[in-house]
1. Of all residues being away from ligand 2 (no atom under 16 Å from the Cβ) and buried (at least 16 other Cβ atoms within 10 Å of the Cβ) in segment 150-170, which is modelled with the lowest pLDDT? Just the residue, please.
2. Looking at (1) polar (S, T, N, Q); (2) in contact (Cβ under 8 Å) with a residue 60 or more places away in the chain; (3) surrounded by fewer than 19 Cβ atoms within 10 Å (Cβ to Cβ), which is the only condition residue 45 fails?
3. Given the conditions (1) under 24 Å from the mean Cα position of the chain (by Cα); (2) surrounded by fewer than 19 Cβ atoms within 10 Å (Cβ to Cβ); (3) hydroxyl-bearing (Ser, Thr, Tyr), and given that residue 136 satisfies all but one, which numbered condition is not satisfied?
4. Scan segment 130-152 for residues that are touching a Leu at 6+ places or on another chain (Cβ under 9 Å) and either among the basic types (Lys, Arg) or in a strand (DSSP E or B) (or both) and report the count.
5. Look at segment 293-321 and say how many of its residues are more than 16 Å from ligand 2 (Cβ to nearest atom) and closer than 21 Å to residue 149 by Cβ.
6. Go through the residues of segment 138-146 one by one and say whether even a single one is within 14 Å of ligand 2 (Cβ to nearest atom) and either under 17 Å from residue 46 (Cβ atoms) or touching a helix residue (DSSP H, G or I) at 6+ places or on another chain (Cβ under 8 Å) (or both).
7. Out of everything in segment 193-245 that is of a type in the set (D, E, K, R) and out of contact with any Lys or Arg (no Cβ under 9 Å at 6 or more places or on another chain), what residue ends up being surrounded by the fewest Cβ atoms within 10 Å (Cβ to Cβ)?
8. Restricting to segment 73-94, name every residue that is farther than 26 Å from residue 244 by Cα and either touching a Pro at 6+ places or on another chain (Cβ under 7 Å) or hydrophobic (A, V, I, L, M, F, W, C) (or both).
Amino acid sequence: MILLFKEVYKLGRIAMLLFLSLPVLSQDKDNRYPPTSQPDRVNLTVTADPSTSMAVTWRTTTDIGTAYAEIQVANANPTSIKDAKRITARTETSAVESGKYKELVWKGVTANYHSVIFEGLKPNTLYSYRVGAGDYWSEWFQFRTTGSNGQKLSFVYLGDAQTDLYSMWSKVIRQAYTQMPETRLVLHAGDLVNRDNHDEEWGEWFAAGSFIFGMVPNMPSPGNHDYGRDENIHKLSPFWRPQFTLPENGPEGLKETCYFTDVQGVRFISLDAYMAEESDEFLGKQQRWVDSVLHNNPNKWTVVLFHHPIYSPKSSRDNKRMRETFKPLFDKYKVDLVLQGHDHTYARGMAKIPMQQKGSTSGTMYVVSVSGPKMTDSGVEKKYWMDRSAVYTQLFHVATVENGKLQFRTYTSTGELFDAFDLVKQKGKINKLIEMMPAK
Ligand SMILES: [Fe+2]
Ligand SMILES: [Fe+2]
């Protein structure tokens, strides 16, 4: 009798366990990147001053209600981790619904997103940190805070990643890191994914970046594909703010899409080009904001990052609102470099060729690029309008700033140097452009 009772009890337990695991199994089957108790999507993002602070964000299932980050100055002695400082994370639960559009079906996801801003850090110092709770912790990552003004600075810039992120974009971000491991930040010029509300695409983006995102802070600027349109209301991706902890120094309503950070004598500014294109109100807000951010700028160099190009290499496209609003400010404040995306091709120059002939160059270098495999050639003119250009080439860029010179290098995803120029500061005059490679 006791034996029989034990058997029935055992079968009952198995049935109960199977029943409880059903939702998990179905989620696993339909989403290749479901959250678990183990932290994932660990990524650093820039703060307003990454020489003394750094932001980290990660994701878990909702059973992890309280989570922590631990940090210390990096130390080769493994027993030193017991001295790491523990900081309680800010946690928010985000639920994104499943959806269907024509043939396309996507799974929703509910997860907890945790973030910590490490503060009071020492400049140019290697730190070690991990994130987690209870039995579930990330590995110990290492990152270096940025240094002081005038120190040599390298950074990476990437155009649209957008599609086939895991299969085809991963090699680009990894090659960029291999080529420039001392990069202090990675700039993304929008369209990080193709469909803003698809968790799987974000899962691919993070899988491609992997541990690099835990070691080097990202500076993402949103593109049109990082926005969704619902009954004509423009909605930033529901994953953007939970996943990225960015400086909240932008205009009201555009926090964490429009912001700036100062790194070693370079002011990096992100504009929200999609909202500038779509809304008069948010165009005006950004115009006033960027005017003041450029006016009150103690840095020697200025780099502006956004999605919709001032000079489009595609003949069928022209972002007149962007050009007419922001170019006069870039001219007035002698912005050095403008980094953009959207057109899925490569082109760079100080103006479109017909506009150059009208003498409208002002010393600002405009670059459009693409890092992912989605390519455009329809509507792109033979010479792509600018001084240097490419189609059907996955690219990344590394720039190094030192001693009044900015060296800009364009590499293909295979690591081959494709284009190179230097910008040299000249007192009271616009930058001197030095071409470092013969025209192709
Ligand atoms: Fe775009
Ligand atoms: Fe795009």
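1. Quick first cut of segment 150-170, residues away from ligand 2 (no atom under 16 Å from the Cβ) only: 150-156, 166-167, 170.
Now narrow it down to the ones that are buried (at least 16 other Cβ atoms within 10 Å of the Cβ): 151, 153-156, 166, 170.
Details: 151: 94, 153: 98, 154: 98, 155: 98, 156: 98, 166: 97, 170: 98.
Ranking the qualifying residues of segment 150-170, first place goes to 151.
2. Of (1) polar (S, T, N, Q); (2) in contact (Cβ under 8 Å) with a residue 60 or more places away in the chain; (3) surrounded by fewer than 19 Cβ atoms within 10 Å (Cβ to Cβ), only one is false for residue 45: (3).
3. (1)
4. Going through segment 130-152, the residues touching a Leu at 6+ places or on another chain (Cβ under 9 Å) turn out to be 141-147.
Then keep just the ones that are either among the basic types (Lys, Arg) or in a strand (DSSP E or B) (or both); that gives 141-144.
The total comes to 4.
5. 12
6. No, segment 138-146 contains no residue that is within 14 Å of ligand 2 (Cβ to nearest atom) and either under 17 Å from residue 46 (Cβ atoms) or touching a helix residue (DSSP H, G or I) at 6+ places or on another chain (Cβ under 8 Å) (or both).
7. In the first step, residues of segment 193-245 are kept if they are of a type in the set (D, E, K, R); the result is 195-196, 199-201, 204, 226, 229-231, 235, 241.
Filter again for out of contact with any Lys or Arg (no Cβ under 9 Å at 6 or more places or on another chain), leaving 195, 226, 230-231.
On the way: 195: 19, 226: 25, 230: 8, 231: 5.
My answer is 231.
8. Step one: list which residues in segment 73-94 are farther than 26 Å from residue 244 by Cα, which gives 75-83.
Selection gives 76, 81.
The values are calculated or read from the model by the stated rules, or taken from the named source; none is laboratory data. For clarity, every value in this text was computed on a predicted model and none was experimentally measured. Backbone-built Cβ (ideal geometry, glycine too); neighbour counts: all protein chains shown.
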